[in-house]
Amino acid sequence: MKKHRRPLAIAAGAALLLGAGAGAGVAAERFSTPAPGTVAVNLPVGSTNPSIARGVGIGAGTAIYKSSGTGPTLMNPDAPAGSAEGYVDYAAFGGELPEGVTLTEAQGLNALAAIGENLASVGLDFDDVITMRVFLDNEAGAEVADFAGWNRAYRQYFANVDLETREPVLVPMGTGDPAAPLRENAAVPSRAALEIATLPVPGWLVEIEVDAVYPEQHPVD
C-alpha cells in the first residue's frame, strides 16, 4: 500500500505537528491542542537531534495501531534452550558480534527488525511510530539491565536524523566508530524503558510495544 503523506502544519513550542506519520515537522512557539487526525510531538527545547520526545498529543479521530509486545526472533535454534544467544542474529554480523556490541544491543536490533515486520504487515513503517514502551531484562551476571546497549540499538532505527538539517546522524554500534544508521528515520517517539525481573520468553532480554499513526488520515483544517 502506497502511503500519501501530507505537508505538516505548524504546532507547538518544541513540537512537531504530524498530519500523517511521525517522520518530520515544523517547530513553532507554543504547544496547542492537536487538530483532528494529527499528532503533535513535544520535543525537548534546544536540540535538533533529541533521542526521545517529551510526549505526544493525539488529535481526535486519529487512527492508531497498537502493537503487542514483540521480542527478538529466535535465530540460533542450536543454542542452549532459553539462552540469550539464541535470539542474536550472528549471521547479520558475519558470525560474531562487532567489538563492544552487547547481547542486549544485538537482541534490541533483532526485536526492532521484528517490530518493522509487524508494522509492515498492516501497511505501516518505522516513521509512523509515535510512542514506544521497552522492557529489559538483565544479562546473565549483570546487576542492572543494559540501557546503554538498548539505546544504541534504538538509535539505529529511530531519532537518527537532524530535524533542522534533515541530514542523517552517525550512530555507534558497540564501541565502534559512529556510522550511518541501519534505518534512516526522523521519527522521535515518546518512550518508556523499564527494567523488569523476567520477560515472558526464556532468553529474551528485550521486549517492545509501539503505537503508530496511520498515514491515511482526514485532511488537516
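Read the figures in this text as sums done on the coordinates, not as results from a lab. Only a predicted model underlies this, so the values are computations on that prediction, with no experimental measurement involved. Quick reminder, even Gly has a Cβ in these numbers, built from the backbone with ideal geometry, and neighbours come from all protein chains shown.
Cβ under 15 Å from residue 133's Cβ, residue 133 left aside: what net charge do those residues give with Lys, Arg +1 and Asp, Glu -1?
-3
Can you run phi through the Karplus equation (6.51, -1.76, 1.60; θ = phi - 60°) for the stretch 197-205 and list ³J(HN,Hα) in whole Hz, with x for Gly and Pro?
6, 8, 9, x, 10, x, x, 5, 10
Arranged by the count of other C-beta atoms within 10 angstrom, fewest first, what order do 146, 211, 162, 78 take?
78, 162, 211, 146
Add +1 for every Lys or Arg and -1 for every Asp or Glu among the other residues with Cβ under 9 Å from the Cβ of residue 67, and state the total.
Neighbourhood net charge equals -1.
Using a Förster distance of 30 angstrom, determine the FRET efficiency expected from the C-beta separation of residue 142 and residue 117, and round it to 0.05. Write down the numbers at each step before the final one.
Working: r = 28 Å, r/R0 = 0.95.
Efficiency for this residue pair is about 0.60.
Rounded to whole Hz and in sequence order, give me ³J(HN,Hα) for the stretch 70-76 from the Karplus expression 6.51 cos²θ - 1.76 cosθ + 1.60, θ = phi - 60°, writing x for Gly and Pro.
Ordered by residue, 3J(HN,Hα) equals 10, x, x, 7, 5, 10, 10 Hz.
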